[in-house]
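To keep things clear, I will list the structure first and then write my remarks on it.
The values are calculated or read from the model by the stated rules, or taken from the named source; none is laboratory data. None of these values were measured; they are calculated from a predicted model. Cβ: placed from backbone, ideal geometry, glycine included. Neighbour counts: every protein chain shown. Note: areas computed on protein heavy atoms with side chains; ligands, DNA, RNA excluded. Shrake-Rupley method; radii C 1.70, N 1.55, O 1.52, S 1.80 Å.
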Amino acid sequence: MLERLLEKKIFSKKDIVFLLNLYKKDDLEKLYKKADEIRKLYCGDEVHLRGIIEISNICEQNCLYCGLRCSNKNLIRYKMSSQEIIAAGKKILKAGIKTIILQSGENKNIKREEISEIIYELKSYGDCAITLSLGERDFIDYAEWRKAGAERYLLKHETASRALYSLYHPGENLIDRIKHLRMLKILRYQIGSGNLIGLPQQTLEDIADDILLCDKLDIDMGSFSPLIPPNGYPLKSHAAKISELTLKVIAAARIVLKKIHIPVTTALSSIDPDARERGLNAGGNVIMINFTPNPYNSNYIIYPNRRVVSDQSAIINLLSLTAKLGRHISESKGNSPKLRSSAS
Ligand code: SAH
Ligand code: SF4
């Protein structure tokens with residue numbers, strides 16, 4: 001039954017739920033092996049590194065699960081200056097990483113022109129790709145940033161369940177979120193979306209819908225990441241359950257969506273010390289390395305006990321991990337595998 005299902009070309013919601021329900025060791029091995037084969041076939045053996053700079057933790061949104069939500073008064077807020085951001089970006093390029101991610105809370109006070117100038121500066125400094133992850137903005141902002149040279153945008157749909165979306169994002173709705181992803185697509189950004197796994201009340205059917213929505217949106221990158229609960233929540237039992245489920249989601253997403261980049265997220269590494277190896281063996285092909293300078297870094301508390309992967313030693317560890325897995329670190333910008341030339 002499982003063998004036949006894994007050979008299918010098109011997957012229904014029922015098929016995906018079946019995969020997410022697997023729990024026997026040998027069934028899980030078959031699932032991960034198939035995902036690994038598909039990753040190799042469509043994306044090759046390269047592991048892509050992305051350097052992330054968390055430029056500000058100021059946020060106007062109130063996503064209930066997130067430590068940066070505006071109603072959280074127990075956080076020292078910051079915004080890096082343009083000079084600090086550019087210096088961190090140069091550090092990423094000097095480390096040999098050719099994708100810079102600029103991420104922040106959703107904050108309309110981060111001026112369109114300021115981001116355009118940063119993009120322009122970094123692109124003139126070195127051959128690189130810029131990914132923005134600044135939340136929902138106006139079409140004109142997205143358009144100007146694209147013109148300045150940014151080619152990717154990461155905006156997770158978080159959950160494909162309309163009810164859950166509205167529950168966790170007060171005053172917001174899923175339809176609007178999807179509109180933003182479509183705007184970005186119109187502007188020819190390579191788009192990243194994805195979900196949170198382990199939201200209270202979320203079902204495996206909801207998660208299957210997340211994967212199917214990513215298919216419909218024709219995404220270039222899919223981030224399937226565990227929800228890390230706030231401090232005080234009994235994390236140990238949650239972590240074991242959610243990290244296995246996240247690996248199953250990564251594998252199922254790889255099998256269904258095929259030609260996309262899939263990161264092994266920092267959130268997964270924060271609850272599972274073996275996440276990078278397990279994730280890279282279950283369909284993942286991207287790893288993010290943190291270049292947010294201190295003291296800002298320690299205040300970007302999206303969730304507690306974040307295990308931040310930073311600096312050169314992290315890259316050296318990854319070199320030995322990828323070699324152990326028979327893979328290698330990419331020297332390219334790692335464009336979307338859906339673009340004809342991903343070597344550039
Ligand atoms: N403000 C931007 C980017 C920063 S948030 C945005 O929301 O798009 C980046 C991601 O952090 C979000 O997409 C969300 O999926 C994730 N996140 C927020 N709270 C989290 C938590 N408690 N556990 C795991 N991931 C979380
Ligand atoms: Fe703000 Fe993003 Fe956190 Fe939502 S997930 S509160 S938009 S930083």
Screening 93, 122 for residues that are over 22 Å from residue 298 (Cα atoms), of a type outside the set (Ser, Thr, Tyr) and out of contact with any helix residue (DSSP H, G or I) (no Cβ under 6 Å at 6 or more places or on another chain) leaves only 93
Picked from the range 112-132 (must be closer than 30 Å to residue 319 by Cβ and touching an Asp or Glu at 6+ places or on another chain (Cβ under 9 Å)), the residue farthest from ligand 2 (Cβ to nearest atom) is 129
Residues of the range 91-111 being over 22 Å from the mean Cα position of the chain (by Cα) and either more than 16 Å from ligand 1 (Cβ to nearest atom) or under 28 Å from residue 318 (Cα atoms) (or both), in sequence order, are 94, 111
Taking the range 143-160 and the residues there that are within 17 Å of residue 217 (Cα to Cα) and of a type in the set (A, V, I, L, M, F, W, C), the one that is surrounded by the most Cβ atoms within 10 Å (Cβ to Cβ) would be 154
* Asked: Out of all the residues in the range 287-308, is one or more closer than 18 Å to residue 238 by Cβ, touching a His at 6+ places or on another chain (Cβ under 9 Å) and either in a strand (DSSP E or B) or of a type outside the set (D, E, K, R) (or both)?
  -> no
By residue number, the members of the range 24-71 that are open to solvent by 30 Å² or more (accessible area, probe 1.4 Å), within 13 Å of ligand 1 (Cβ to nearest atom) and not hydrophobic (A, V, I, L, M, F, W, C) are 60, 61, 62, 65, 69
Listed by range, helices (runs of 4 or more DSSP H) wholly within the range 118-236 having at least 2 residues that are more than 30 Å from residue 80 (Cα to Cα) are 162-168, 174-186, 204-217
Expected single match for touching a residue at least 60 places away in the same chain (Cβ under 8 Å), away from ligand 2 (no atom under 16 Å from the Cβ) and aliphatic (A, V, I, L, M) among 68, 49 is 49
Among 248, 258, the single one that is surrounded by fewer than 22 Cβ atoms within 10 Å (Cβ to Cβ), more than 16 Å from ligand 2 (Cβ to nearest atom), more than 13 Å from the chain's Cα centre (by Cα) and farther than 26 Å from residue 59 by Cβ is 258
Report yes if some residue within the range 315-331 is under 14 Å from the mean Cα position of the chain (by Cα) and free of Cβ contacts under 8 Å to residues at least 40 places away in the same chain; otherwise report no.
no
Scanning the range 299-317 for residues that are small (Gly, Ala, Ser) and within 16 Å of ligand 2 (Cβ to nearest atom) gives none
Condition check: under 30 Å from residue 116 (Cα atoms), assigned to a helix (DSSP H, G or I), away from ligand 1 (no atom under 16 Å from the Cβ) and open to solvent by less than 30 Å² (accessible area, probe 1.4 Å). Does residue 85 satisfy that?
no
